[in-house]
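Undergrad: The structure under discussion is supplied below as structure tokens; questions concerning it will follow.
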Amino acid sequence: MKFDSVARIIATTVVVAAALSLSACSSEEPAAERDPNEVRVAFYGDSYTLGTGASASENRWSTVISEQRGWSEFNPSVNGLGFINNRSAFGDGDLPSMIIADDPDIVIVTMGLNDNFSFDARASDIRTQISADLDRLTTALPDGRFIVVEPFWYTDERPESVETIIGWVEAAASDSGADYIAGASHWIEGHPEWMASDGLHPNNEGYAAMASEMDQALRTLGL
């Protein structure tokens, strides 16, 4: 399927998901009671971190790796969200503010995929907001460990914007002192059998593959 056709499909999906996304920001992931002996990990991401396409939330990669490590997971990720794409709040009420309020020990950032669908109109805004979000999070959580993941991608065909946004994310991670995991845009490449019936999101097998890749990358970082 050509990228422009896929882009039209996902754009329609984002519109349908927008109302759900707004409710997700406020209620989908309530703050759990904290065990002071557990490492608290917050995930700042989109549908690929929320686990859209999986049969249950326990099959999403973020929950798999958290359970493997005994981490307490806080995952308020939102369908269709980008640093700019499908985002109306920049400050109080947005995902970074929720993560700051949660005061986690580790923050894993997996953003950027959806910004490809806003790239032609808002490239400059995307680049600026990537740095703004990371600067804001790292400044507000000076004791937290930050891990920024190369933006995910989901088709074998890759528009030029994918590599551009990857470069911006990697540079911002370096500037903010965060660890960086490279290669994630290729983790499900070449495996159509790992996609859910919507053709846009991983299925349980796809998320298992992503969890395996993430597990190895985190081990390399000592986690």
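Undergrad: Longest segment of the chain with no trypsin sites (Lys or Arg not before Pro) in a DSSP loop having at most 16 other Cβ atoms within 10 Å?
TA: Of all site-free stretches, the longest is 35-223.
Undergrad: Let me ask you something else. To the nearest 500 deg cm²/dmol, what mean residue ellipticity at 222 nm is calculated for the chain from DSSP H runs of n ≥ 4 alone, each contributing -39,500 (n - 2.57), summed and divided by the residues?
TA: Mean residue ellipticity, 222 nm, calculated: -14000 deg cm²/dmol.
Undergrad: Could I ask something else about it? Given a 1.4 angstrom probe, I'd like the percentage of the accessible area of the chain that is carbon and sulfur, rounded to a whole number.
TA: The computed percentage sits at 49.
Undergrad: I'd like the FRET efficiency for Asp105 and Ala56, computed as 1/(1 + (r/R0)^6) with the beta carbon distance as r and R0 of 35 Å, rounded to 0.05.
TA: 0.85
Undergrad: Could you order Glu38, Glu150, Glu73 by accessible surface area, starting with the largest, using a probe radius of 1.4 Å?
TA: Listed by decreasing accessible area, they come as Glu38, Glu73, Glu150.
Undergrad: Could you tell me which GluC sites (Glu not before Pro) in region 157-223 are loop residues by DSSP with no more than 14 other beta carbons within 10 angstrom of their beta carbon?
TA: Listed in order of number, the matching sites are Glu157, Glu189.
Undergrad: To continue, here is another question. Each label point is 7 Å from the Cα along the Cα-to-Cβ direction; what then is the distance between the points at Ala123 and Arg69, in nm?
TA: Distance between the two pseudo-spin positions: 3.5 nm.
Undergrad: What's the FRET efficiency of Glu193 with Arg158 using the Cβ-Cβ distance as r and R₀ = 25 Å, to the nearest 0.05? Don't jump to the answer; show the numbers that get you there.
TA: On the way: r = 20 Å, r/R0 = 0.79.
Efficiency at R0 = 25 Å is approximately 0.80.
Undergrad: Which value, in Å² and to the nearest 10, is the accessible area of Leu221 when all protein chains are kept and the probe is 1.4 Å?
TA: 40
Undergrad: Using alpha carbon centroids, what distance separates region 127-162 and region 57-126, in Å?
TA: 9
Undergrad: Which of the helices in the chain, when you take each full DSSP H run, stretch at least 18 Å along the axis at their Cα atoms and have an average Kyte-Doolittle score of 0.0 or higher?
TA: 3-23, 160-176
Undergrad: From the alpha carbon gyration tensor of region 138-207, can you work out the equivalent ellipsoid semi-axes (sqrt of 5 times each eigenvalue) and give them in Å, largest to smallest?
TA: Rounded to whole Å, the semi-axes are 28, 15, 9.
Undergrad: Pairwise over distinct Cα atoms, reciprocal of the mean inverse distance: report the Kirkwood radius of the chain in Å, one decimal place.
TA: Values: mean 1/r = 0.0576 Å⁻¹.
Kirkwood radius, the chain: 17.4 Å.
Undergrad: Out of residues 5 or more away from Arg145 or on other chains, whose amide H comes under 5 Å of its own, with H placed 1.01 Å from N in the peptide plane?
TA: Amide H neighbours of Arg145: Ile106, Val107.
The values are calculated or read from the model by the stated rules, or taken from the named source; none is laboratory data. All of these numbers come straight from a predicted model, not from anything done at the bench. Cβ: placed from backbone, ideal geometry, glycine included. Neighbour counts: every protein chain shown. Ligands, DNA and RNA are excluded from the accessible area calculation, which covers all protein heavy atoms including side chains. Shrake-Rupley method; radii C 1.70, N 1.55, O 1.52, S 1.80 Å.
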